[in-house]
Amino acid sequence: MNPIPWLRQLTPIWKAILGVVLLIALIWAFLFVRDLFTGSARTEAKLATGQADAALKSGQDTATTVGEQAETEAERERSVADMQKDVNDADDASGAHDSGAGWLCDNFGICS
């Protein structure tokens, strides 16, 4: 069946209506295919929100980790300073050794 004779017999109004319907179908198909490849605005907004939340949580975790590490280092420095004071205050080498070994065992798990 050849559609050209059928199209030729249509009145100009029906040709215009058919043209508008075909144009709408073409625009809808283009937008549908574009959304398949790029995603809708709602999906893009949801992804952007998720990325922003993840970035905030990552930054918070980093700040917490850095703070905890700073506290651990400060505590360790105090322990080492106390150990050095005890070692320096010892009366003899044996007392200094015992004091240092005791601190290493108690604070850092380095026991003989």
Problem set entry | helices (runs of 4 or more DSSP H) lying entirely in the chain (those with 3 or more residues that are of a type in the set (V, I, T)) | 12-38, 41-89
Problem set entry | Answer from A93, A48, A41 - the residue that is within 30 Å of F30 (Cβ to Cβ) and loosely packed, with under 10 Cβ neighbours inside 10 Å | A41
Exercise. Of everything in region 96-112 that's out of contact with any helix residue (DSSP H, G or I) (no Cβ under 6 Å at 6 or more places or on another chain) and over 21 Å from E75 (Cβ atoms), which residue is most open to solvent (accessible area, probe 1.4 Å)?
Worked result: S112
For this session: Considering each of T11, T62 in turn, give the residue that is surrounded by 10 or more Cβ atoms within 10 Å (Cβ to Cβ) and without any contact (Cβ under 8 Å) to a residue 12 or more places away in the chain.
Result: T62
Exercise. Does any residue of region 17-37 turn out to be surrounded by 10 or more Cβ atoms within 10 Å (Cβ to Cβ) and under 30 Å from A96 (Cα atoms)?
Worked result: no
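The values are calculated or read from the model by the stated rules, or taken from the named source; none is laboratory data. None of the values given here were measured: they were computed from a predicted structure. So basically every Cβ, Gly included, is an ideal-geometry build from the backbone, and we count neighbours across all protein chains shown. Areas reflect the complete protein model, heavy atoms only, side chains present, ligands, DNA and RNA absent. Shrake-Rupley method; radii C 1.70, N 1.55, O 1.52, S 1.80 Å.
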